[in-house]
Amino acid sequence: MSLSDDSEYERLEQHYDNALRALRAQDVSAMREHATALLSANTNPRVWYYGNFLHDGNSVLGLAALLGDDVAAAKAHLHAAGDTPGSPQLDSFGPAMDLAQVLLERGEREAVLDYLDRVALFWATPEPNDADEKSRRLTERHRAKLDAWKAAIQAGETPELNHIGLDRLLEAKERVRTIRDVPIDDVIAETRFIAVSPSGERSEVRVEIGRPYRIDARESACPVAVYGMRFGRGPDMSSLDPFFALLNAQRHVGSLLRLRVESGWQLYFAPEEEEEELEGPLSLEDLDLLFRVRRA
């Protein structure tokens, strides 16, 4: 895939943002227009954001269908949303289940149960040979949550599904734009790479991770930034506790670096002395190993 000057991702993100704004305004025509454009352009399953856009684009189309009282179309989009392969974000936090929640409230229990089974494949299924005890425990907690929701639905109840709403995603993205150039106050880890663009330009890449902090009793976050390759300060990565927030920040860095390597950049460890020759470049497999990025 060619992502000259990030144009492909930026084009997809613009459609995504517009679809979420249309959802917030309950503008059915715009919801359909931008979500359809997003899904039509989201064609590379190997990039880190593919699963996010596949799930949420179908979710917006399903909600648009419900605003037009087309339950059959909404169920079809829920099924398609559940077919996402996952992503670093979806694997950690789970998807925004707005469409599933509304369908559940309308009595479409079988469609929602099928969707939850599909979500379990990326959110509640341990990775092969994962020796990390905390990671396994988190996966088990996701499985327990899904099982509890399914049991409640089968008993005729209407539980509240995943709290990550699409409206919160839009608010978070808007907050990110205000902090992009704000430096991290308390950097606890830093590393550097040398990047060579597809056109041969060489530049330094600096990765910074800040000290994780608690938001409240149930959520923590960790600041992270990748300076170089047209990145910058991004959103603080959140999770259940500071340990997992730190882990998500590390995986987020790996996802960004992987995106650049997939689009033709070369990445090397920065040498300790300027005259040293570069070793590498790092492969996709190297990045997966270094950052524990789950591949689609």
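The values are calculated or read from the model by the stated rules, or taken from the named source; none is laboratory data. This one's a predicted model, so the numbers in the text were calculated from it and none came from an experiment. Every residue, glycine among them, receives a Cβ derived from its backbone with ideal geometry; neighbour counts consider all protein chains shown.
Here are the numbers:
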| item | result |
| --- | --- |
| Candidates ARG251, ARG260, ARG218, ARG214, filtered to the one that is farther than 24 Å from TRP123 by Cβ and in the same structural domain as ARG192 (by TED's automatic domain parsing) | ARG260 |
| Residue selected from segment 89-147 under the condition among the polar types (S, T, N, Q) and part of a loop (DSSP other than H, G, I, E, B), by the criterion modelled with the lowest pLDDT | ASN129 |
| Selection count where residues are surrounded by 17 or more Cβ atoms within 10 Å (Cβ to Cβ) and of a type in the set (Phe, Trp, Tyr), scope segment 195-231 | 1 |
| Number of the exception - ALA189 against (1) of a type in the set (Gly, Ala, Ser); (2) under 19 Å from PRO242 (Cβ atoms); (3) touching a Ser or Thr at 6+ places or on another chain (Cβ under 6 Å) | (3) |
| Hits in segment 19-48 - residues which are in a helix (DSSP H, G or I) and surrounded by 20 or more Cβ atoms within 10 Å (Cβ to Cβ) | ALA19, LEU20, ALA22, LEU23, MET31, HIS34, ALA35, LEU38, LEU39 |
| Strands (runs of 3 or more DSSP E) lying entirely in segment 193-292 (those with 3 or more residues that are closer than 30 Å to LEU138 by Cα and within 24 Å of the chain's Cα centre (by Cα)) | 202-210, 213-216, 219-222, 224-228, 231-233, 237-239 |
| Residue check, THR125 surrounded by 21 or more Cβ atoms within 10 Å (Cβ to Cβ), free of Cβ contacts under 8 Å to residues at least 40 places away in the same chain, within 30 Å of LEU256 (Cβ to Cβ) and among the β-branched types (Val, Ile, Thr) | no |
| Single residue of segment 49-80 satisfying the filter (aromatic (Phe, Trp, Tyr) and surrounded by fewer than 23 Cβ atoms within 10 Å (Cβ to Cβ)) that is farthest from the chain's Cα centre (by Cα) | TYR50 |
| Among the residues listed as PRO95, PRO85, the single one being touching a residue at least 60 places away in the same chain (Cβ under 8 Å), touching a His at 6+ places or on another chain (Cβ under 8 Å) and under 16 Å from LEU39 (Cβ atoms) | PRO95 |
| Filter pass, HIS77 being part of a helix (DSSP H, G or I), in the same structural domain as ILE153 (by TED's automatic domain parsing), at pLDDT 95 or above and in contact with a Phe, Trp or Tyr (Cβ under 8 Å, 6 or more places away or on another chain) | no |
| Verdict on TYR16 being crowded, with 17+ Cβ neighbours inside 10 Å, of a type in the set (Phe, Trp, Tyr), under 25 Å from ASN248 (Cβ atoms) and at pLDDT 95 or above | no |
| Criterion: among the acidic types (Asp, Glu) and under 14 Å from ALA96 (Cα atoms) - qualifying residue of ASP70, ASP56 | ASP56 |
